Amino acid sequence: MTDPQTVRQVEPVSGFTLTGGEMLDHSDWAAARADHAGLELARRAVEAAEGPVLLIGPTASLLLEDLSPEREVSVLVRGTVDARSLQHSRDLHEGLSVHCGSLDRFDTSDHAVVVALDPLRMLVTPDSRPLSCRESLALMAGFTAESGVLVAEVSNSLGINDLQTAPSVLARDNFDHLAGEAAGGLFRHELAGALDHADLNLARCFAAVPSATHPVVLVRDDSLADEELVQFAKTFTSAVAVDPGPGPRTLSDPTMLTERMFDARLAAELAPAWIVMWTHGDADDLQVPRAVAVEPEAAAGWRARVVVDDDDRHALGGLVASGVVERDLSRAYAGERGALVETMLTDACRVRDLTGVRHVVGAYGAWLMSLPAPEAIVATVDNTVCRTDGDSVTFGLFDPSWTVSVETTSEAALARNLLRFAQRLLRRSLAHPWVADAGADQITDSLCAMVGVDWTSTRESSVALEERLQASLGSAADNGFARLTTPGAQEMDVQDPRSASWRETVRANAELREELAVNRERIDWLERHLEWRDRQFAGLEKRMNTVTATTAYKVTDALGAPKRKAVKSARALVMDQLPPGFKDKAEKAVRRMLNDAT
């Protein structure tokens, strides 16, 4: 009897092919990662090859808009909503064929290039059989032609994401039990022989950082010995500092852990994921770059893409402008090289070195105040690098592609940049030398005092400057300038709880407990002092009761009683003899006399 899930059907409304295991009324389009650096590698592989192309998953399907309309392209997605949306693109792509279903139910071959840039859990459905990472790669290898190329994302079984992400205690979703997460991905030494049975050779392997969910930097494993290239990758990763967003708590800051991974020269072994290229032919025939860096969380028109080839480093794109801001994408990240000022400040904050913070902020502030105000606006701490040569310290822009034409003061630009650092520091939940519950406004006030800027007087102009920049570019979360802008004034002291890492949260709780213990000691001292005063009053009251109980006191009090009664009666008699209102007039006269005397 024929398995109904293996029968190919055509969806009657839109016309895409149902391959089996499809998910009705489901969409993965929101999970498509337009900032995935692997798209640049896949784009080059597709342009260099001749023949049909297979795009698997929502992220790989983004390449469709870069391909020629006459190119024969097949797209495989698991949700009918995504398939229906892609099918509507057939008017623009004559050679497009859309398939909807699970990876293990898809049956095809003879594709020149096969691209899969999503985790395996995005390619399977509830009707799928359990697949290991090696089995899923074998299925994709079967889709390639004899001279074809496979470009796939492979999770690392020993990546730093395991060192920074706490396992979820909630029920698994997205069908992880059917995907490679159950088998733990692959180890680095397993990549070379993963597809030997399919006669595919490991051609190139790229370490993807800073996380498996945001692989915005790719470095080829045979280029990790290049110190200049590694320094660029580390600085770029720190500069863009991807917000992890909602999800499992992290055990450590991803950006900090990525920096340490690069410093230890372990990026090839500990990368959260790899972008791997297999080929049936010679690996030297593939012309691929040494590194790729893509700005995350930016609109397509403003997103910078930097490609490092064997002979040079260049950025893709041209001139874009909006309002008072313009950007030459061809000059993106073509500035100075060195240590990021923000990294220097966070390193000092991490060890509670307030003197070090003051030294860095002072040098940075003196340099920034020497710049024209429009240039100082883009010279944020996460866009400025520092180089030291003996006693000489020089600063420069890491990304000189931005130009801002707005009138402001250097003090307002400096205050805005320091406010941005304070907000990024709190959003990343990093340790700092200020009180544990300090907000961005309080930290900015302290930083401004280190460079002689009055935050109270510049606060309004700094916020107005920020609002004008955001008004020129629309929502700061939807454009390329978001990396150099900060939230509105109403969010100035709001800490984002989503990105709070577990270690930093524990450290902050420890600081709060320490401050609470100190306050409790003060309360205990005040309570002991109050008890001592109560005992003093009780002793005095007891002594007074003892005195009033003596015979001498009673006799003296009895003898004085007639005198007190006579004085009281005489006083009442005299007051009765006075004319009405005389008492008030006399009191006023006495006050005037006292006032005149003084």
query = Hey, among Glu22, Glu50, Glu40, which residue is within 24 Å of Ser128 (Cβ to Cβ) and in contact (Cβ under 8 Å) with a residue 24 or more places away in the chain?
reply = Glu22
Selected residue (only one of Ser61, Ser74, Ser68 is in a strand (DSSP E or B) and small (Gly, Ala, Ser)) = Ser74
key: Every residue from segment 266-291 that is at pLDDT 90 or above and out of contact with any Gly (no Cβ under 8 Å at 6 or more places or on another chain)   = Leu266, Ala267, Ala268, Glu269, Trp274, Val276, Met277, Trp278, Pro289, Arg290, Ala291
task = Evaluate the following for Ser27: is it of a type in the set (S, T, N, Q) and closer than 19 Å to Ala141 by Cα?
result = no
task = Report yes if some residue within segment 109-117 is touching a residue at least 12 places away in the same chain (Cβ under 8 Å), in a loop (DSSP other than H, G, I, E, B) and crowded, with 24+ Cβ neighbours inside 10 Å; otherwise report no.
result = yes
ask   = Tell me, which residue of segment 49-69 that is open to solvent by 10 Å² or more (accessible area, probe 1.4 Å) and farther than 25 Å from Gly301 by Cα is modelled with the highest pLDDT?
value = Pro52
key: Residue in segment 367-390 that is most open to solvent (accessible area, probe 1.4 Å), counting only those that are closer than 18 Å to Thr444 by Cβ and over 22 Å from the mean Cα position of the chain (by Cα)   = Met369
Filter pass, His359 being farther than 25 Å from Tyr333 by Cβ, of a type outside the set (D, E, K, R) and in contact (Cβ under 8 Å) with a residue 12 or more places away in the chain = no
note = Within segment 435-450, residues at pLDDT 90 or above and more than 10 Å from Leu419 (Cα to Cα) come out as Ser446, Ala449, Met450
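Sort out which residues of segment 550-598 are of a type in the set (S, T, N, Q), modelled with pLDDT of 75 or more and part of a helix (DSSP H, G or I), and write them in order of number.
Hits for segment 550-598 are Thr551, Thr556, Ser569.
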message = Going by what's in this entry, would Ser322 be described as surrounded by fewer than 17 Cβ atoms within 10 Å (Cβ to Cβ), over 15 Å from Arg220 (Cα atoms) and in contact with a strand residue (DSSP E or B) (Cβ under 6 Å, 6 or more places away or on another chain)?
response = no
ask   = Can you tell me which of Ala239, Ala208, Ala203 is in a helix (DSSP H, G or I), surrounded by 20 or more Cβ atoms within 10 Å (Cβ to Cβ) and modelled with pLDDT of 85 or more?
value = Ala239
request  = With the condition kept exactly as written, say whether any residue in segment 430-448 is more than 26 Å from the chain's Cα centre (by Cα) and under 26 Å from Pro372 (Cβ atoms).
outcome  = no
key: Residues (modelled with pLDDT under 85 and either open to solvent by less than 10 Å² (accessible area, probe 1.4 Å) or in a strand (DSSP E or B) (or both)) located in segment 191-200   = Ala194, Leu195, Leu200
inquiry  = So Arg327 passes all but one of these: (1) among the charged types (D, E, K, R); (2) at pLDDT 90 or above; (3) buried (at least 17 other Cβ atoms within 10 Å of the Cβ). Which condition number does it fail?
reply    = (2)
task = Identify the single condition in (1) open to solvent by less than 30 Å² (accessible area, probe 1.4 Å); (2) farther than 30 Å from Trp302 by Cα; (3) in a loop (DSSP other than H, G, I, E, B) that Cys448 does not satisfy, given that it satisfies every other one.
result = (3)
ask   = Using beta carbons and a limit of 6 Å, which pairs, at least six apart or on different chains, have the first residue in segment 336-355 and within 15 Å of Asp399 (Cβ to Cβ) and the second one among the charged types (D, E, K, R) and open to solvent by 60 Å² or more (accessible area, probe 1.4 Å)?
value = Gly338/Arg387
task = Quickly run through segment 121-131 and pick out the residues that are crowded, with 17+ Cβ neighbours inside 10 Å, assigned to a loop (DSSP other than H, G, I, E, B) and out of contact with any Lys or Arg (no Cβ under 8 Å at 6 or more places or on another chain).
result = Leu131
task = Can you tell me which residue within segment 304-319, out of those that are open to solvent by 70 Å² or more (accessible area, probe 1.4 Å) and assigned to a strand (DSSP E or B), is modelled with the highest pLDDT?
result = Arg305
ask   = Going by the conditions given, is Arg520 surrounded by 10 or more Cβ atoms within 10 Å (Cβ to Cβ), under 27 Å from Val435 (Cβ atoms) and out of contact with any helix residue (DSSP H, G or I) (no Cβ under 6 Å at 6 or more places or on another chain)?
value = yes
Test: Ala299 is part of a strand (DSSP E or B) and at pLDDT below 90 = no
request  = Could you grab me the full set of residues in segment 143-162 that are farther than 19 Å from Phe106 by Cβ, outside any strand (DSSP E or B) and touching a residue at least 40 places away in the same chain (Cβ under 8 Å)?
outcome  = Leu158, Gly159, Ile160, Asn161
ask   = So which of Val404, Val463, Val453, Val393 is over 23 Å from Pro254 (Cβ atoms), open to solvent by 40 Å² or more (accessible area, probe 1.4 Å) and among the aliphatic types (A, V, I, L, M)?
value = Val393
ask   = For Ile443, which of the numbered conditions (1) in contact with a His (Cβ under 8 Å, 6 or more places away or on another chain); (2) on the phi > 0 side of the Ramachandran plot fails to hold?
value = (2)
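The values are calculated or read from the model by the stated rules, or taken from the named source; none is laboratory data. This one's a predicted model, so the numbers in the text were calculated from it and none came from an experiment. FYI the Cβ positions are ideal-geometry reconstructions off the backbone, even for glycines, and counts take in every protein chain you see. Accessible surface areas use protein heavy atoms only, side chains included; no ligands, DNA or RNA. Shrake-Rupley method; radii C 1.70, N 1.55, O 1.52, S 1.80 Å.
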